[in-house]
1. Taking 7 Å along the Cα-to-C-beta vector as the label spot, tell me the Lys51-Gln25 distance in nanometres, rounded to one decimal.
2. With every protein chain kept in the model, how would you rank Ser29, Ser16 by accessible area, 1.4 Å probe, largest at the top?
Amino acid sequence: MVDVAQTLSVLVVDDSATSRAALRQALESDPGIRVVGEASSGREALTLLRKVKPDIIMASMPAAGPQKLKSGKRPWRCCS
């Protein structure tokens, strides 16, 4: 049994609902991973980030928006 303190929380971001569902299923097959939210865009992800405060974000480039990566902004700053 995995200790809850060792569970990794993940926010999944992808513009395809099918891809999000497949990724969620794959991630949740590991008892040490808990998907805490799904978003279909970078904007939606930022809103969820404030609420669920995941350990990591798994995002596809089109959903996250490459301009966000180029800007150097750190999304976790909004959650501090």
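The values are calculated or read from the model by the stated rules, or taken from the named source; none is laboratory data. Quick caveat, the model's predicted, so the values are computed rather than measured. Counting neighbours? That spans all protein chains shown, and the Cβs are built from the backbone with ideal geometry, glycine included. SASA here: full protein model, heavy atoms, side chains in, ligands and nucleic acids out. Shrake-Rupley method; radii C 1.70, N 1.55, O 1.52, S 1.80 Å.
1. Output for this residue pair reads 2.5 nm.
2. Highest to lowest solvent-accessible surface, that is Ser29, Ser16.
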